[in-house]
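Student: The structure follows.
The values are calculated or read from the model by the stated rules, or taken from the named source; none is laboratory data. Just so you know, these numbers come straight off a predicted model, no measurement behind them. All Cβ positions, even for glycine, are placed from backbone atoms using ideal geometry, and neighbour counts span all protein chains on display. Only protein heavy atoms, including side chains, enter the accessible area calculation; ligands, DNA and RNA are left aside. Shrake-Rupley method; radii C 1.70, N 1.55, O 1.52, S 1.80 Å.
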Amino acid sequence: MREECLICKAPLEYLKTDEIMECAVCRKKEASKTRCVKGHYVCNECHTTGMDAMIGLCVKEISKDPVEILEKMMEQPFCHMHGPEHHVMVGSALLTAYGNAGGSIELREALAEMMSRGKKVPGGACGFWGACGAGISTGMFVSIISGSTPLAVEPFRLSHLMTSKALGEIGAVGGPRCCKRDSYLSILAAVDFVKEHFGIEMDKPEIVCGHFTQNNQCIGKRCPFARVNHEGKS
């Protein structure tokens, strides 16, 4: 088994109803459905310790490729195979690539807003809400670049369409969850969406996953990013 619990590396389990858990790191008590099979729980805040470094990484970036930017974030100590950090990383990679591709944006301010919004989406939303946080992150991205509010008209429409497109791609592949796969699917959907609706063309690479060895629930050939599905392609 690859590591899942940040404390003891044991597999995670998901409960049917909330229980009061004590974070094994900060000792905060809160309701959750997630713990490892040995009883350890790590809250979202402790799970994403160090994620603030993402803003500094992004403002120095010059790439127009949000996947390339995302992969650099995935190499950082704050990023794990799975976790709520992806709910911020997807939107942040898109904001950065969008700005570098010519989109009108105050990047540092936008990244801070993305951090604030994305951190509110808890781990496990994909299974318990029916809405993966990586997909929701694309809607936050479009909401930020369009200036959407609950009273907006066109920006409101576009941000919802973006989220639905990303979630549709994720749902079409199915489960179990993979934060890397769902992040890739969400970003690719957003690149196409932004080109169509905003006229900004970010780079869109072919993706071959290099994270599968860390994922106990990897779906193998059913994943569109599995290496075997790209072998022999020019």
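Quick grid of which residues meet (1) within 19 Å of residue 117 (Cβ to Cβ); (2) of a type outside the set (A, V, I, L, M, F, W, C); (3) free of Cβ contacts under 8 Å to residues at least 24 places away in the same chain; (4) touching a Gly at 6+ places or on another chain (Cβ under 8 Å):
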position: 23; (1), (2), (3), (4): no, no, yes, no
position: 27; (1), (2), (3), (4): no, yes, yes, no
position: 33; (1), (2), (3), (4): no, yes, no, yes
position: 41; (1), (2), (3), (4): no, yes, yes, no
position: 52; (1), (2), (3), (4): yes, yes, no, no
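Student: Only residues that are more than 16 Å from residue 66 (Cβ to Cβ) and open to solvent by 30 Å² or more (accessible area, probe 1.4 Å): list them for segment 174-195, please.
Tutor: 175, 176, 177
Student: While we're on this one: How many residues are part of a helix (DSSP H, G or I), among the hydrophobic types (A, V, I, L, M, F, W, C) and surrounded by 15 or more Cβ atoms within 10 Å (Cβ to Cβ) if we restrict to segment 47-68?
Tutor: 5
Student: Given the conditions (1) open to solvent by less than 20 Å² (accessible area, probe 1.4 Å); (2) touching a Phe, Trp or Tyr at 6+ places or on another chain (Cβ under 9 Å); (3) modelled with pLDDT under 95, and given that residue 95 satisfies all but one, which numbered condition is not satisfied?
Tutor: Of (1) open to solvent by less than 20 Å² (accessible area, probe 1.4 Å); (2) touching a Phe, Trp or Tyr at 6+ places or on another chain (Cβ under 9 Å); (3) modelled with pLDDT under 95, only one is false for residue 95: (3).
Student: For residue 89, which of the numbered conditions (1) open to solvent by 10 Å² or more (accessible area, probe 1.4 Å); (2) at pLDDT 95 or above; (3) assigned to a helix (DSSP H, G or I) fails to hold?
Tutor: Only one criterion is unmet by residue 89, namely (1).
Student: So, in segment 1-46, exactly how many residues are open to solvent by less than 40 Å² (accessible area, probe 1.4 Å) and assigned to a strand (DSSP E or B)?
Tutor: 7
Student: Take the residues in segment 98-111 that are open to solvent by 40 Å² or more (accessible area, probe 1.4 Å) and of a type outside the set (Ser, Thr, Tyr), then tell me which one is farthest from the chain's Cα centre (by Cα).
Tutor: 102
Student: Return the pair list, or none, for Cβ contacts closer than 6 Å from residues in segment 211-234 that are within 18 Å of residue 81 (Cα to Cα) to residues that are among the basic types (Lys, Arg) and modelled with pLDDT under 95, at least 6 apart or on different chains.
Tutor: 214/2; 216/2
Student: Filter segment 198-222 for residues that are more than 25 Å from residue 159 (Cα to Cα) and outside any loop (DSSP other than H, G, I, E, B); which is most open to solvent (accessible area, probe 1.4 Å)?
Tutor: Out of the qualifying residues, it is 221.
Condition check ((1) open to solvent by 50 Å² or more (accessible area, probe 1.4 Å); (2) more than 18 Å from residue 183 (Cα to Cα)) across all residues:
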site: 113; (1), (2): yes, yes
site: 127; (1), (2): yes, no
site: 130; (1), (2): yes, no
site: 133; (1), (2): no, no
site: 138; (1), (2): no, no
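Student: Out of 137, 159, 143, 148, report the one residue that is in contact with a helix residue (DSSP H, G or I) (Cβ under 9 Å, 6 or more places away or on another chain), under 21 Å from residue 82 (Cα atoms) and among the hydroxyl-bearing types (Ser, Thr, Tyr).
Tutor: 137
Student: Residues 130, 139, 147, 135: which one is without any contact (Cβ under 8 Å) to a residue 12 or more places away in the chain and closer than 18 Å to residue 189 by Cβ?
Tutor: 130
Student: Restricting to segment 70-86, give me the number of residues that are closer than 23 Å to residue 126 by Cα and in a helix (DSSP H, G or I).
Tutor: Final tally of qualifying residues: 5.
Student: Still on this structure, please answer the following. Restricting to segment 225-234, and then to whatever is surrounded by 14 or more Cβ atoms within 10 Å (Cβ to Cβ) and more than 17 Å from the chain's Cα centre (by Cα), can you tell me which residue is nearest to residue 104 (Cα to Cα)?
Tutor: Out of the qualifying residues, it is 226.
Student: Got a number for residues in segment 99-122 being touching a helix residue (DSSP H, G or I) at 6+ places or on another chain (Cβ under 6 Å), part of a helix (DSSP H, G or I) and in contact (Cβ under 8 Å) with a residue 12 or more places away in the chain?
Tutor: 9
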